[in-house]
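To start, the structure itself, in structure tokens.
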Amino acid sequence: MPQSASDPPAAPGIAHAVAPSLHDRGNLHTVATQQLDKAARAMNLDTSVRAILSQPKNELIINFPVRMDSGEQRMFKGYRVQHNNILGPYKGGIRYHEESNLDEMKALAAWMTYKCALYDIPFGGGKGGVKFNPREHSKPELERITRRFTHALGSNIGPEWDIPAPDVGTNSQTMVWMMDTYMNIVGMAEKNSVRRIVTGKSVTAGGSHGREAATGQGVVHCITEWAQDKRFRLDGCSFIVQGFGNVGSNTARILSKLGATLVATGDYKGYIANPEGINPHKLTEHVGKTGSVMGYKHGRAIAREDFFGLECDIFIPAALELEIGLPEAKALRCKLVVEGANGPTFPEAEEVLLSRGIDVLPDILANAGGVIVSYYEWLQNKRSERWDLEEVETRLERRMKRTFAQVRELTIEKKLDWRTASYEVALDRIQKAYLERGIFP
Ligand code: NAD
């Protein structure tokens, strides 16, 4: 990935610290289609349902101008892809990244459809974002970009139609700006009833307790269930997290509470390792101050190639998509890969991992904690309620364990890998809805 103009030069020895650009890695929509096809074959999915799901319902591209701090005007390209809404309103994150593109949005939107269906959440799938590097902009510029984009989206989003949330490069502050802008384009009397236009807001703005850490918490629920099945002790085991943002850092902190040790991690600037263990709480403080894991004094800088070859029990990709290709799948020395990120594994790389006896818990199963608690946030707003943290956490745990058990049963009964089994549960729900309703007219 290109470094921003303000980034310092890479330290000696880590010049190739990060992966090639997203464009050079492959097409994400092709990967999503391959996964869908594999699951469709395994369950004999109705061909008309398969055809509907192979493309999003709506694809929106918006070019909009924003005034920079310097006074000059700059054009930005924004996206919103609405994949499917047979089970409920479109739902999915907003990504700010310099390499965002339409095919990436299409894949990410489709995975939201399957994730919500898998967990029986009454939402469909969507995804959007703006193609730019947020690290290159001041807070006032980020605010103006967000507000102008939200305004440009206008009635293409809505609290019962399409509900955005945070993703890579966005956070609760971004959601508060989106909410406030949307509230200001509806009539005065409607303001409060549209608070649920976005989820992942700050708690002060009407967000839910537990949302910030929910995706990481959900990743850990899946690991706990897997470990119980395998009679594997998490206390004393080692793990690696790629990406130390919302998902990566929360997963690391929660997993370390169960006695597991973080031995390596990395982000857009490079990778660090320490076989004695890295304290994820202290590392979070360091990242808060410096913006990267690099330079953390209790970790040695290592090259990307070495990072994927380190021995550990659990490897958790929690950065961007398409990070695990064939070389990485051959290099990994772990028992389990848990996809905190969306789409981190190429299909052919997954085959290699499976043939090597490494289990892969897929994104739609493992990283659904965020959208589950987003659903709880949306419900709380709709009912004018406020649930305490304990209630949110209990509901999240119950839902995740129930679905994990359902998928596990299918893996055993039909001898399926975890991804195909997860798809089958999701696609079965979507297929039933289509067959029952038929196609209008
Ligand atoms: P984030 O922006 O908070 O963090 C992303 C992390 O990845 C950062 O540490 C960043 O430096 C690192 N990174 C970026 N490019 C990299 C590269 N080339 N090599 C190594 N590291 C790199 O984003 P996030 O919200 O934590 O999302 C991470 C992944 O999890 C994404 O795939 C996202 O779609 C997925 N996800 C997020 C949520 C959520 O609730 N935030 C929910 C489900 C899935």
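Observations
- Test: residue in region 345-357 that is in contact with an Asp or Glu (Cβ under 9 Å, 6 or more places away or on another chain), in contact (Cβ under 8 Å) with a residue 60 or more places away in the chain and not hydrophobic (A, V, I, L, M, F, W, C): yes
- Counted residues, region 154-192 - those being part of a loop (DSSP other than H, G, I, E, B), polar (S, T, N, Q) and under 19 Å from I62 (Cβ atoms): 1
- Considering only residues in region 93-139 that are hydroxyl-bearing (S, T, Y) and under 16 Å from the mean Cα position of the chain (by Cα), the one that is farthest from S70 (Cα to Cα) turns out to be Y119.
- Considering W387, W418, the condition of being surrounded by 18 or more Cβ atoms within 10 Å (Cβ to Cβ), more than 22 Å from the chain's Cα centre (by Cα) and either outside the structural domain of P327 (by TED's automatic domain parsing) or under 20 Å from K230 (Cα atoms) (or both) is satisfied by W387 alone.
- Evaluating R231 against the criteria (1) away from the ligand (no atom under 13 Å from the Cβ); (2) crowded, with 20+ Cβ neighbours inside 10 Å; (3) charged (D, E, K, R) leaves one unmet condition, (2).
- Extreme residue, farthest from the ligand (Cβ to nearest atom), among residues of region 239-254 that are closer than 22 Å to G343 by Cα and assigned to a helix (DSSP H, G or I): A252
- So M183, is it assigned by TED's automatic domain parsing to the domain that holds R74, away from the ligand (no atom under 16 Å from the Cβ), surrounded by 24 or more Cβ atoms within 10 Å (Cβ to Cβ) and among the hydrophobic types (A, V, I, L, M, F, W, C): no
Conditions tested, residue by residue: (1) touching a residue at least 12 places away in the same chain (Cβ under 8 Å); (2) of a type outside the set (D, E, K, R).
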residue	(1), (2)
R395	yes, no
F404	yes, yes
V407	yes, yes
L410	yes, yes
L416	yes, yes
S422	yes, yes
D428	yes, no
K432	no, no
F440	no, yes
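- Among (1) in contact with an Asp or Glu (Cβ under 8 Å, 6 or more places away or on another chain); (2) closer than 29 Å to G26 by Cβ; (3) not polar (S, T, N, Q) - the single one D69 does not satisfy: (2)
The values are calculated or read from the model by the stated rules, or taken from the named source; none is laboratory data. Keep in mind that what you see is a predicted model, and the values were worked out from it rather than measured. With ideal geometry, Cβ positions are generated from the backbone for all residues, glycine too; neighbour counts draw on all protein chains shown.
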